[in-house]
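Reading through the structure tokens given below for one structure.
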Amino acid sequence: MERSESIPLNFQEVEPPLSTQEATDEATRCLYCYDAPCITACPTGIDIPSFIQKITTNNLTGSARTIMEANPIGASCARVCPTEELCEGACVLNQTSKPIMIGKLQRYATDWAIQNEKPLFTAGKRNGQKVAVVGGGPAGLSAARELALLGYAVTVYEAETEAGGLDTYGIVSFRLPKRISLWEVEQVKSLGVSIQTNTRIGVDLSLAELQQSFDAVVLAVGMANVPPLGIPGEELHGVYDAIDLVKATKSTTLPQQFQGKRGVVIGAGNTAIDGATCAVRLGAENVKVLYRRTEAEMTAYQFEYEFAKQDSVEFRWLVSPIAVLGDEKGRVTALKCAEMALAEADESGRRTPIPTGATFVIKTDFIIKAIGQARHRWLDDVGIATHNGVISIDHHYETSVKGVFACGDAIFGQGQGEAMVVAAAEQGKQAAYAIDKKRRSQRAETSA
Amino acid sequence: MADLISNLAGITSPNPFWLASAPPTNSGYQVQRAFEAGWGGAVWKTLGEPIMNSTSRFAALHFNGKRVAGFNNIELISDRPLDVNLREIADTKKRFPNHAIVASLMVEPKQEKWHEIVKRVEAVGVDGLELNFGCPHGMAERGMGSASGQVPALVEQQTAWVKEVATTPVIVKLTPNITDITATAEAAAQGGADAISLINTINSLAGVDIDTWQTIPNVDGLGTHGGYCGPAVKPIALHMLGDCARHPNVDIPISGIGGIATWQDAVQFLLMGASNVQVCTAAMHHGFRIVEDLLDGLSAYLEEKGLASVQDLVGQSVHRYSEWGNLNLNHQVVARINQDVCINCNKCHISCEDTAHQCIGRYTDENGAPYLKVDEDECVGCNLCSIVCPVEGAIAMVPKPNGLPPMSWNERQAAIAND
Ligand SMILES: Cc1cc2nc3c(=O)[nH]c(=O)nc-3n(C[C@H](O)[C@H](O)[C@H](O)COP(=O)(O)OP(=O)(O)OC[C@H]3O[C@@H](n4cnc5c(N)ncnc54)[C@H](O)[C@@H]3O)c2cc1C
Ligand SMILES: Cc1cc2nc3c(=O)[nH]c(=O)nc-3n(C[C@H](O)[C@H](O)[C@H](O)COP(=O)(O)O)c2cc1C
Ligand code: SF4
Ligand code: SF4
Ligand code: SF4
């Protein structure tokens with residue numbers, strides 16, 4: 001097969017689904033623990049023993065409902081959750097044999113629901129109140145779903161042409177096919193939620209307009225694009241934003257320009273891994289991930305790291321870019337790098353990388369920037385208090401502007417690790433409950 | 001190596017593992033394959049007037065992902081001509097002179113019918129006879145099988161008829177479909193039986209298909225009760241075995257049958273009074289090759305226990321099997337959890353909380369780690385928690401001395417009467 005013809009295959013889902021037999025065998029292995037630690041370890045609190053028990057009795061609709069009830073993004077989460085750090089990491093069977101494959105069973109049950117097209121939920125009785133949700137990613141969809149169940153009329157405003165957020169266009173299709181995320185969008189729509197795509201708040205409509213027409217507003221805008229590296233030569237032809245690259249691989253025609261080329265990826269989080277493996281799967285000859293700290297500080301999950309190594313991605317530790325070099329046509333030819341060393345740990349326990357003084361040059365045809373995502377600066381202009389670009393909220397998910405709530409990556413702090421779909425989904429639910437609680441008490445006051 | 005040679009009322013075999021009268025012993029070809037695989041004996045598929053079998057015959061109970069926890073059939077006795085069976089028995093006996101071949105028989109409850117068939121099978125050299133008073137379906141409607149086996153007088157009478165002409169040991173195979181199996185066991189002994197074997201299959205309906213609403217199995221849209229066997233019936237068989245073994249009027253050897261699938265099962269039957277064991281379902285589930293581990297496991301067990309012969313096991317637990325009225329009511333055990341192996345699944349907690357005596361509490365230690373503890377003052381020692389616990393050794397039921405002298409219900413009643 002021609003190399004370019006085989007490329008689309010590289011973007012098909014890598015993990016095979018469980019067969020019915022495998023799923024049943026695995027499900028019967030679950031102990032059906034009481035007050036199970038796996039439930040506590042799931043940020044959305046899915047009743048895991050219950051959904052697994054339902055697989056053993058072939059009650060797959062019930063199983064999928066148990067999952068999706070607690071987690072409106074349960075089908076995507078089944079594929080992208082770092083399960084060994086969450087539910088599976090907490091499974092009691094870690095102590096005696098091996099943990100239950102909770103993620104794969106969750107995928108088995110939700111796949112069934114996707115194939116059977118059975119509606120799992122019905123909207124609550126309308127309560128006459130309206131909520132606008134800005135951003136149709138995991139957090140926004142989850143908030144919208146929960147509010148619709150509670151009886152609110154919900155409108156989601158999404159800047160992109162399709163909803164689903166990073167699940168739809170940011171997480172590589174060989175881990176999360178777009179159709180899974182779009183099914184979750186359909187589930188939310190089927191509850192009467194209106195989803196206005198191609199509508200960017202702050203551009204097409206203002207926040208003030210939403211505040212006027214709705215009883216509450218939820219900001220679930222996620223994070224923005226990858227920020228600039230801040231080094232000379234960054235504007236050269238051949239420097240890409242990792243998320244844009246992933247997005248391109250999730251559209252109908254795959255990019256051609258990486259075939260047979262050498263590239264470097266800057267950063268070592270989930271985004272870097274995804275950018276690097278995408279480049280390899282698009283036909284790049286050699287891809288190196290450069291990180292200014294070491295393997296120990298890398299924020300990508302172990303399974304991602306292993307996956308990248310299997311895709312023959314190379315890793316270079318303690319390297320920081322200092323300049324992009326190009327040819328006379330403005331195309332990238334090389335990256336000038338500084339060698340780093342780690343300083344002693346500071347109070348926060350983090351070891352800062354400092355240049356050793358040595359520099360070197362890596363020849364490369366393209367560069368992928370994956371140094372985290374920037375923040376939406378427009379929020380400051382409309383009076384939403386932020387801290388380092390992260391929206392500030394109180395204990396009830398309410399921002400500094402009354403009636404405006406926030407959830408998901410938009411409120412993800414500077415802590416360790418990476419933002420997660422499952423956490424965004426849970427925050428969406430919590431924001432919905434907070435709105436409902438507030439609206440109820442206000443209604444009680446006005447009627448009193 | 002320990003001696004595995006077994007002896008049931010004078011019928012010897014190289015080891016105590018026999019195939020029960022059933023599909024595995026339907027033909028010479030099969031029985032010879034079984035002997036080659038290592039089985040010590042075989043009770044030939046029941047002979048009698050040839051019958052017709054239904055197609056669609058078997059069904060099974062699968063439990064929690066494990067297949068064949070129980071097995072059900074509506075098969076009758078041999079559907080092959082008697083003279084073919086007899087020829088194959090003679091041929092098999094010639095090839096395997098040291099193995100036990102027992103002919104299972106079932107005829108109408110008439111003296112001359114029994115005399116005739118006994119003479120014919122003994123003529124081809126069988127080592128013994130097994131009278132099938134157990135089949136719960138088909139033959140019973142014709143006055144045979146369990147229809148005879150449920151009436152002690154008929155059991156005694158027909159056994160006596162057989163004994164009038166038999167020259168080899170006579171085993172009477174008992175049906176469990178009766179309130180007190182010792183009644184028919186005693187009748188068999190009275191009739192002169194040299195041994196009894198038990199149990200045959202238990203009346204059952206394997207299931208109902210929830211899509212078609214048909215019975216399982218069904219024959220062209222109709223179902224009927226069949227005989228139940230396999231691992232699920234083992235406790236029932238053991239109880240009936242124990243009841244017969246300890247009965248003073250049943251002092252003949254017993255061949256143990258019902259749910260035996262492993263060497264451990266076999267050891268339990270031997271301890272509870274069986275001189276040998278018969279197996280059907282386990283062989284049907286996996287083939288004759290299972291005998292390899294039965295033999296291996298039993299040998300290793302005997303060696304580990306320092307026993308020279310399998311005969312040394314027979315009946316060792318019978319005296320420990322008694323009436324409820326003799327149990328020491330002042331004896332107390334309580335559950336104790338081993339924190340080192342407990343995996344905190346909380347199954348013991350919820351089962352005790354919801355369905356026993358609410359005495360397993362959930363706590364958090366100084367490091368914030370969860371742990372469970374039994375309130376031993378509240379524990380009634382029912383064993384439930386240790387039964388549901390998925391981790392070997394996590395819950396032990398330990399004796400709790402209470403300083404009281406042993407006292408059974410019977411002793412208590414006697415003491416009250418003497419007051
Ligand atoms: C490359 C990559 C890989 C990842 N891999 C994983 C993984 O394996 N597992 C995992 O759990 N997490 C992963 N994550 C993180 C995860 O994708 C996010 O935590 C999650 O998507 C956050 O959901 P959200 O709804 O808060 O934001 P997003 O998914 O970013 O959704 C925000 C939505 O808001 C829209 N929007 C933004 N501004 C506006 C506006 N002004 N008006 C209207 N709409 C607007 C956006 O178009 C977008 O659809 C990954 C992230 C990246 C970048
Ligand atoms: C399909 C089938 C047919 C049987 N046929 C006979 C029979 O012809 N004669 C008989 O005495 N017992 C018959 N039995 C009963 C078995 O010999 C045996 O008593 C019973 O299956 C219990 O043993 P197990 O639990 O090892 O199967 C049959 C059992 C099965 C499953
Ligand atoms: S902890 Fe493991 S075994 Fe227990 S309920 Fe959860 S998945 Fe099942
Ligand atoms: S033995 Fe019974 S009563 Fe005692 S702790 Fe266990 S379950 Fe509860
Ligand atoms: S059932 Fe066993 S393993 Fe589970 S919590 Fe109780 S003692 Fe521990």
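Each Lys and Arg adds +1 at its Cβ and each Asp and Glu adds -1 at its Cβ; summed about the Cα centre, the protein assembly as shown shows a dipole of about 1400 debye. For the stretch A:317-383, applying the loop criterion from DSSP together with a ceiling of 16 other beta carbons within 10 Å to the GluC sites (Glu not before Pro) yields A:E328, A:E347. Applying both filters, DSSP loop and at most 14 other Cβ atoms within 10 Å, to the trypsin sites (Lys or Arg not before Pro) of the stretch A:119-165 gives A:K125, A:R126. Rounded to whole numbers, the Karplus 3J(HN,Hα) couplings from phi for the stretch B:369-381 are 7, x, 8, 10, 9, 8, 7, 5, 6, 8, 5, 9, x Hz, using 6.51 cos²θ - 1.76 cosθ + 1.60 with θ = phi - 60°, and x at Gly and Pro.
The Cα trace of the stretch B:291-419 gives Rg and Dmax of 20.4, 60 Å, the first to one decimal, the second as a whole number.
Relative to the longest principal axis of the Cα atoms of chain B, helix B:234-245 runs at roughly 70 degrees.
Compute the angle between helix B:28-37 and the longest alpha-carbon principal axis of chain B, please, reported from 0 to 90 degrees and rounded to the nearest 10. Helix B:28-37 and the main axis of chain B meet at about 40 degrees. Gyration tensor analysis over the Cα atoms of the stretch A:5-81 returns equivalent ellipsoid semi-axes of 26, 16, 11 Å (largest first, whole Å). Put in order of Cβ neighbour count within 10 Å, fewest first, the listed residues A:F51, A:F360, A:F258 become A:F360, A:F258, A:F51. Spin-label model, B:D3 to A:S6: label points 7 Å out along the Cα-to-beta-carbon direction sit 7.0 nm apart. Distance from the alpha carbon centroid of the stretch A:46-100 to that of the stretch B:212-276 works out to 40 angstrom. For the stretch A:11-18, the Karplus equation 6.51 cos²θ - 1.76 cosθ + 1.60, evaluated at θ = phi - 60°, returns couplings of 9, 7, 3, 6, 6, x, x, 6 Hz by residue, with Gly and Pro reported as x. Segment B:Q264..B:N203, full-extension length gain: 19.4 nm, with 0.36 nm per residue of separation and the alpha-carbon distance subtracted. As a calculated quantity, the FRET efficiency between A:S190 and A:T294 at R0 = 45 Å, using C-beta atoms, amounts to about 0.40. Here's the picture: a label point sits 7 Å out from the Cα of A:T96 along the beta-carbon direction, and within the stretch B:369-383 the residues with their amide nitrogen under 16 Å of it are B:372. In a reduced charge model with +1 at each Lys and Arg Cβ and -1 at each Asp and Glu Cβ, the stretch A:242-337 shows a dipole moment near 260 debye about its Cα centre. Once you've got the Cα coordinates, tell me which of A:K104/A:K309; B:K305/B:K347; A:K178/A:K336; A:K54/A:K104; A:K125/A:K437 are over 25 Å apart. Over 25 Å apart, Cα to Cα: B:K305/B:K347; A:K178/A:K336.
Divided by 2.2 N^0.38 Å, where N counts the residues, the Cα radius of gyration of the stretch A:288-416 comes to 1.38. Here is what passes the span test in chain A: the DSSP H helices with alpha carbon length of 15 Å or more along the helix axis and a Kyte-Doolittle mean of 0.0 or above are A:60-70, A:138-149, A:270-281. State whether the stretch B:61-202 is rounded, prolate or oblate according to the following rule on the C-alpha gyration tensor (a ≥ b ≥ c being the square roots of its eigenvalues): a/c under 1.5 gives rounded; otherwise a/b larger than b/c gives prolate, and the remaining case gives oblate. It is oblate, given that a/c is not under 1.5 and a/b is not larger than b/c. Taking the Cα centre of the stretch A:29-108 as the origin and placing charges on Cβ (Lys, Arg +1; Asp, Glu -1), which of A:C91, A:T61, A:C42 is farthest toward the positive end of the dipole? Farthest towards the positive pole: A:T61. Given +1 at the Cβ of Lys and Arg, -1 at the Cβ of Asp and Glu and no other charges, the dipole of the stretch B:115-183 around its Cα centre is 100 debye to the nearest 20. If you fit an axis through the alpha-carbon atoms of helix B:409-418 and take the longest principal axis of the Cα set of chain B, what angle between them do you get, 0 to 90°, nearest 10? Helix B:409-418 and the main axis of chain B meet at about 80 degrees. Looking at A:C337, B:I387, B:A59, which one has the Cα that reaches farthest to the positive end of the dipole of the protein assembly as shown (charges on Cβ: Lys, Arg +1; Asp, Glu -1)? Result: A:C337, furthest along the dipole toward the positive end. Scanning chain B for GluC sites (Glu not before Pro) in DSSP loops with at most 16 neighbouring Cβ atoms within 10 Å leaves B:1-322 as the longest stretch between them.
In this structure the amide hydrogen of B:Y371, modeled in the peptide plane, comes within under 5 Å of the amide hydrogens of B:Y363, B:T364, B:D365, none closer than 5 places in sequence on its chain.
Here A:K336 and A:T252 are evaluated by their C-beta separation; at R0 = 56 Å the FRET efficiency comes out at 0.90. Projecting the Cα positions of A:T359, A:A224, A:L245 onto the charge dipole of the stretch A:218-369 (unit charges on Cβ atoms of Lys, Arg, Asp and Glu, taken about the Cα centre) puts A:L245 furthest along the positive direction.
Taking label points 7 Å from Cα along the Cα-to-Cβ direction, A:D204 and B:Q111 give a separation of 10.3 nm. Spin-label model, B:K163 to A:K363: label points 7 Å out along the Cα-to-beta-carbon direction sit 10.3 nm apart.
Here the stretch A:112-176 and the stretch A:264-285 have alpha carbon centers that stand 29 Å from each other.
Remark: the B:E141-B:A183 segment gains 12.9 nm on full extension, using 0.36 nm per residue and subtracting the alpha carbon distance.
Where a number appears in this text, it was derived from the coordinates with a stated rule and is not lab data. Being a predicted model, the structure only gives us computed values, none of them experimental. For neighbour counting, all protein chains shown are included, and Cβ atoms are generated from backbone atoms with ideal geometry for every residue, glycine included.
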